[in-house]
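Working notes, beginning with the structure itself.
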Amino acid sequence: MTTTAVQGVTVFDAKVVPLVSRMALVSGYRESLQRLQDVWDQLTLLGQMSGIAADITTTADEFRALTGTLLDSLAQTLLRNTLHRMQAQARMAIDILVRNLFERTADVGFLATDAGVREFLLAPDGSAAAAALQLRFAAYVAKYSVYDDVIVLDPEGRVRVRLDGAVAADRCAHPMVAQALRTGSAFVESFGAIDVLGGRRGLVYSAAIRAPRGGEALGVLCLSFRFDDEMRAIFEHLAPVGPCIVVVLCDAGGEVLASSDCWHVPVGAPL
């Protein structure tokens, strides 16, 4: 175990040394114990005049060593408890996110088999049907507010109808189209900059739209999930309040996907 002296008095384990200054409880007890140590130092001086200095000095040294042991143990316990609490919060955040994303896989599969969507793609002139479908998508999103866009593509990736008419993109060249059209793919999950979203970063669930008979691929339905809003809600619900606490979601490579404080730890930063 590597130890380091703090303020030249108390010896702490090296792993807690950078954090001791942030541990108010340790600082409070250290001040109280230091006052007692000062008393022992005064008694040592008095002992030198009465001939019992050796005994008092030994006791003072033992008290100093005990003080260091107690404070180091307290600091390590505080660190351990904090880590356990943060790990529990992290697990809870991931559990909430996984559960919510799992529900999205059911949503995209449900909409991809909707009769109205199929009929729209089979119709030779779908201009009137497109407006009706937009209204249906708007009602669906109003009920399940976790989406910001619903898009119907033909097998070549052309946008046939979408909820968010403000996005100018009229074609999707993202690999998710081909992946969704593959036989056996129940859904495809795509995250990153996506052209059909206007190039912005997003989390999109896509599934093939197939004819009710024969299973011919009619197109692809895409649901754009409000990923940033979801993470913000999770952070606000779980993150402890404090100026020095930042909660982030990282991918397997350590890149930050979402951050509770983008000023301190921006999205895209490597950790």
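A compact table of results
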{"item": "Tally of residues being out of contact with any Phe, Trp or Tyr (no Cβ under 6 Å at 6 or more places or on another chain), β-branched (Val, Ile, Thr) and surrounded by 15 or more Cβ atoms within 10 Å (Cβ to Cβ) across segment 91-106", "result": "1"}
{"item": "Residue list for segment 159-170, filter: surrounded by 14 or more Cβ atoms within 10 Å (Cβ to Cβ) and of a type outside the set (Gly, Ala, Ser)", "result": "Val159, Arg160, Val161, Arg162, Leu163, Asp164, Val167"}
{"item": "Positions within segment 66-82 being over 16 Å from Val17 (Cβ atoms) and without any contact (Cβ under 8 Å) to a residue 24 or more places away in the chain, in sequence order", "result": "Leu66, Asn81"}
{"item": "Residue, surrounded by the most Cβ atoms within 10 Å (Cβ to Cβ), within segment 228-247, restricted to residues that are in contact with a strand residue (DSSP E or B) (Cβ under 8 Å, 6 or more places away or on another chain) and not in a helix (DSSP H, G or I)", "result": "Val247"}
{"item": "Every residue from segment 115-142 that is in contact (Cβ under 8 Å) with a residue 12 or more places away in the chain and in a loop (DSSP other than H, G, I, E, B)", "result": "Gly126"}
{"item": "Spans of strands (runs of 3 or more DSSP E) in segment 143-227 with at least 2 residues touching a Cys at 6+ places or on another chain (Cβ under 6 Å)", "result": "147-153, 201-210"}
{"item": "Which numbered condition Ala106 fails, given (1) more than 26 Å from the chain's Cα centre (by Cα); (2) of a type in the set (Gly, Ala, Ser); (3) part of a helix (DSSP H, G or I)", "result": "(1)"}
{"item": "Subset tally (residues that are over 25 Å from Leu203 (Cβ atoms) and crowded, with 17+ Cβ neighbours inside 10 Å) for segment 121-157", "result": "2"}
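No lab work stands behind these numbers, since they all come straight from the coordinates. Because the structure is predicted, anything quoted here is derived from the model rather than measured. Cβ: placed from backbone, ideal geometry, glycine included. Neighbour counts: every protein chain shown.
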